[in-house]
Structures are given as C-alpha cells and as structure tokens.
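What follows is one structure encoded as structure tokens, with my remarks underneath.
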Amino acid sequence: MQRIAIIDYGMGNLHSAAKALEHVAPNDEVIVTSDAVMIGAADRVVLPGVGAIRDCVGEMRQQGVDKIVSQLVEQGTPLLGICVGMQAMLQHSQENGGVDALGIFNGEIQRLKGGLDESGNPLKIPHMGWNQVAQAEHPIWHNIDNHSRFYFVHSFAAQPNLPISIGHCTYGETFTAAIAHKNIVATQFHPEKSHTAGLQLLANFVTWQPEA
Amino acid sequence: MGLAKRIIPCLDVEDGRVVKGVQFVDIRDAGDPVEVAKRYNDAGADEITFLDITASHQERDTTIETVRRMAAEVFIPLTVGGGVRTCEDIRNLLNAGADKVSINSAAVFNPEFVGEAADRFGSQCIVVAIDAKQVADNKWEIFTHGGRKPTGIDAVEWAVKMQGLGAGEILLTSMDQDGVKNGFDIALTRAVSNAVSIPVIASGGVGNLQHLADGVLEGHADAVLAASIFHFGEYSVSEAKAHMAACGIEMRL
C-alpha cells in the first residue's frame, strides 16, 4: 500500500480528485492534507488548483506549498499537477494583470485568444468541455489512445511548444496541455473529470516510476 | 478537430429522489439519483446536471449527501443547482464534490451575488440559470417561481450582465418550450449565445434527436440539456451523439 497525498491549500474541489484516485487505486491510501510533513513523506502527491492564479499562488505561498513542492521536486516524489496546479509550476501568468508563479519550469501562461470556429462563429471563452490532446511519448499516456478527449475548463493556457510538453491541444490556437520532466507530470485538463481516459491517466500516475 | 459540443442529461431531484420519473429497466432503483447519474456517466454523457427542487431548506443536508455519493461514482463534471443563495451554499456543494453550481433566482434578487461567487470560487464553477419566456417578437423576459412571476428583465441583456459579473456559463431554459417536446426555442438560444462570449447550454423542449442537433446548428448552443427523452429510454446518449455527429457536429464519441 502506498500513500497518495492531495495538497489542500484551500482552493477548490479536492473531493473529486480524491474520489477518482480512490477509484483507480482502491488498495492505496488517499489523503487530503495541508500538513507539510505528511505531504513530504507521501509516496505520490497531487497538486490541484482551480480559480484565479493570483489567489492560488498566493495561498500556496501563504501556506508554504511553494517550499513543499520544491522539496518534492528535489527528493523525486512523483508529483501530478492539475489545471491551475500545472500553470503554477511555470514561471509567469498573464492572468490578473501578471502573476509570478512558482517557476519550477520556464514558460508563460497566456490568455486564450478565442477567434472563430470552422463555421465562423466566435469561440467561447472559457474553453469548457471535451477536447483532444495530441500526445508525445510518455508513460502517463499508457493505454490511452492518442487524440483522446479530456475535460478542460480554463481561459488561460501554457504557451505552445514548451520543451517539457508531452501533449498539446488546439482551440483556435495550439497550447500546451500536458508537461512532464523527471518526477513531475502536469495537465491543463482535469483527469478526475475525464471519464475513462482520465481515470486511465490517474491509474498510470499511481504506478508511474519516473526515471531519476 | 477541436472542442466537442456537450450532451447533458438533467436530473430533477426532490428530497433525495429523482422526480419526473426515470424508466430504465436495468437499474435497481430508478429513483436514486446516484444510480441514474452513474448510468449516464457510463453511457457517455459529457456532464450531469442535478437540479434540487426540494422546497424546504431543512432538506439541504440530503442534497449534500447525494452530491457526495454521486461524486464518488461519477467521473464527469457535475453541476448542481436549485436553491443556491449564499456563498456558503456554494462552498458546501463544491466541497461535497460538485464541479459547478447553478444560480437562478438568487441572481435575479441580488445580481451582485454572482460577482461575489465568481470572485470567491472562480468563474469556471459559476453557472447562471436563466428561465425565459417570449413576450414579443424577438423579445424574452426572465421569469422566476417556476415561470409564474415576470421580472421585467430582458433575457439577452441579463445574460450579458451575468457574463460581466463573472458567470462562466449560461444555462438557458425556455419556459415556453419546457416539457412541450417541440424543440428548443431556437431564436432565444441564438440571441443569447451570440450576445455572450461564454458557453451557453440550451434547455427546454427536446422531443427528438434532431432537436438536439438544431440547438447547436441553429441555436449556436455549446451544450444541450435534456431530461425526459433520456429518462424514459426513448433515446440513449450514444444514439443522440451519433445523430449529432452525423449532422456534422463535433462530439465525444
């Protein structure tokens, strides 16, 4: 049995992520916690995030989540970032007039431009619903068909062509939908809300052995 | 290829039981919202909307408990609406496992509540439900109390105002069409969808699969909501998706 910790820093719905992890890892222990020691000692950690990035990163700094995440990066604990949890790992976001994020990786979070769909109707923002992800080679995609659809809800997204990108999505423009580097993997979409493909991704995460 | 249009089955729930009737032959308890939601989750629905029509405030605990059980079995987005009046209501629902909450009459009585909720929880989880009736050519008015009370508010202007306050999505129900099975009010749907830049869910009036397709193709809706055509097994979610895809609409199949 392993212990999977979901970092609770007061932002959003952690119940869904916890239930989805319990569903794919019925023999593991899933905990939702803000306790730095518990998180540091967990076998795997999930960094969720919803809402505005200024509030999210603000709460992370307030509660020392930035330091915990640095520690996890250092010690090689498999870490999954979801939605704003992924965005927070990059350097900077254009949201809220410009916010410095945790800066684990280089990269900018940009406002989705919208534009027109194929019929000439304006694309709605937020980008809300099921869109396809073009995958690059990574174990997190194991048993998930390339171009499978995942559930997105966001108005800002990571710039395209990041060196650490393992998946991209197109909504008027192309953006980075998933990143990975060493023991870290993160998705803009919500695997916990993405039915079969999302549950498979979570199942892959709970067995993932990152290369050192 | 790109973003798929969504099909959203809607459950009306009173005192923890699905009402308006669900007739599936192969589930144990067709009145249990969790069983019904799980059935739709397995059938390929893109989201579930859960409308709590419980009249009394004391029954809110039942709702919270139902949402909690549902979130443990449903791995697609879950919107919960009905009686959402305070930020505390929203927090309780989100903590129980709802992904979005739908605000209806509370927005009419106090529009600032929508702004406060969006500020606090993020626009991504704030849906504003609009119940509209046609009052003149190309003019629709918001009604409350199940369509009995006019408010004098223009539905299209209201949708734009709600977007401005931070709503992330509009759930648009035609009170004229609801339950009639003649299709969505296409003119209303298109007027609202074209006026806002946030997604619009068309609701009220679906009687057949072409109505769903028309909501997207003619009404420019981003998602279509239906209850009875799915509940009574007239059509399955996958039949609906196949039909919409055959009409050239991008769907998650």
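The values are calculated or read from the model by the stated rules, or taken from the named source; none is laboratory data. Keep in mind that this is a model prediction, so the values were computed, not measured. Note that each Cβ is placed from the backbone with ideal geometry, even for glycine, and that neighbours are counted across all protein chains shown. Keep in mind that these areas ignore ligands, DNA and RNA; they rest on the heavy atoms of the full protein, side chains included. Shrake-Rupley method; radii C 1.70, N 1.55, O 1.52, S 1.80 Å.
Worth pointing out:
- A simple packing score, the average count of other Cβ atoms within 10 Å per residue, orders the peptides B:164-172, B:207-215 as B:164-172, B:207-215, with the highest score first.
- Largest to smallest in accessible area, the residues B:Val180, A:Val99 fall in the order B:Val180, A:Val99 (1.4 Å probe, all protein chains included).
- Surface composition of chain A: carbon and sulfur atoms hold 46% of the protein heavy-atom accessible area at a 1.4 Å probe.
- Heavy-atom accessible surface of B:Asp15, to the nearest 10 Å², is about 80 Å², with a 1.4 Å probe and all protein chains retained.
- Two-decimal log10 I(q)/I(0) for segment B:149-253, as the Debye equation yields it once each C-alpha is a single scatterer, q = 0.10, 0.11, 0.13, 0.23 Å⁻¹: -0.28, -0.33, -0.46, -1.21
- Amide H to amide H distances under 5 Å link A:Gly49 with A:Ile82, A:Val84, A:Gly85, where only residues 5 or more positions off or on other chains count and H is placed in the peptide plane.
- Interface B-A: total buried accessible area of about 2800 Å², 1.4 Å probe, protein heavy atoms only.
- Shown are A:Met11, A:Met89, whose ranking by accessible area with a 1.4 Å probe and every protein chain present, most to least, is A:Met11, A:Met89.
- Rounded if a/c under 1.5, otherwise prolate or oblate - segment B:6-246, Cα gyration tensor axes: oblate
- Considering every alpha-carbon pair of segment A:1-122, the percent of pairs per 5 Å bin, from zero through the bin containing the longest distance, is 2, 11, 21, 21, 16, 12, 7, 5, 3, 2, 0.
- Entry note, chain B: the mean residue ellipticity at 222 nm calculated from DSSP H runs of n ≥ 4, each adding -39500 (n - 2.57), is -10500 deg cm²/dmol after division by the residues and rounding to the nearest 500.
- Calculated Rg and Dmax of the protein assembly as shown using C-alpha coordinates, Å: 21.2, 68
- When the pairs A:Lys124/B:Lys38; B:Lys149/B:Lys181; B:Lys5/B:Lys38; A:Lys124/B:Lys241 are compared against a 27 Å limit on Cα-Cα distance, A:Lys124/B:Lys38 fall above it.
- Whole-number accessible area per residue in Å² for the protein assembly as shown, which is evaluated in the context of all protein chains at 1.4 Å: 39 Å²
- In plain terms, the chain from B:Lys139 to B:Glu234 could stretch by 30.9 nm, reckoned as 0.36 nm per residue minus the Cα-Cα distance.
- Helix A:14-24 axis, angle to chain A major axis (alpha carbon atoms, nearest 10°): 70 degrees
- Peptide B:122-132 shows a mean partner chain C-beta count of 3 within 10 Å per residue C-beta.
- B:Lys20 - accessible surface, heavy atoms, 1.4 Å probe, Å² rounded to 10: 130 Å²
- Rounded if a/c under 1.5, otherwise prolate or oblate - segment A:113-212, Cα gyration tensor axes: prolate
- Most tightly packed first, judged by the mean number of other beta-carbon atoms within 10 Å of their residues, the peptides B:4-14, A:57-67 read B:4-14, A:57-67.
- Fluctuation leader among B:Phe109, B:Phe50, B:Phe230 - chain B, Gaussian network, Cα springs under 10 angstrom: B:Phe109
- Chain A: angle of helix A:53-62 to the longest principal axis, Cα-based, in degrees nearest 10: 20 degrees
- Cα convex hull, segment A:3-207: 105 Å³ per residue, rounded to a whole number.
- Chain A: relative contact order in percent, alpha carbon pairs under 8 Å with at least 6 residues between: 19 percent
- Of all DSSP beta bridges in the protein assembly as shown, antiparallel share, percent nearest 5: 45 percent
- With contacts taken as Cα pairs under 8 Å and at least 6 residues apart, chain B reaches a relative contact order of 19 percent.
- Distance between the modelled labels on A:Val32 and A:Glu59, one decimal in nanometres: 1.1 nm (7 Å Cα→Cβ projection).
- Compared with the dominant Cα axis of chain A, that is its longest principal axis, helix A:195-207 is turned about 40°.
- Under 5 Å from the amide H of B:Asp52 lie the amide H atoms of B:Val13, B:Gly81, B:Gly82, each residue being 5 or more positions distant or on a separate chain, with H modelled from the backbone and absent for Pro and chain starts.
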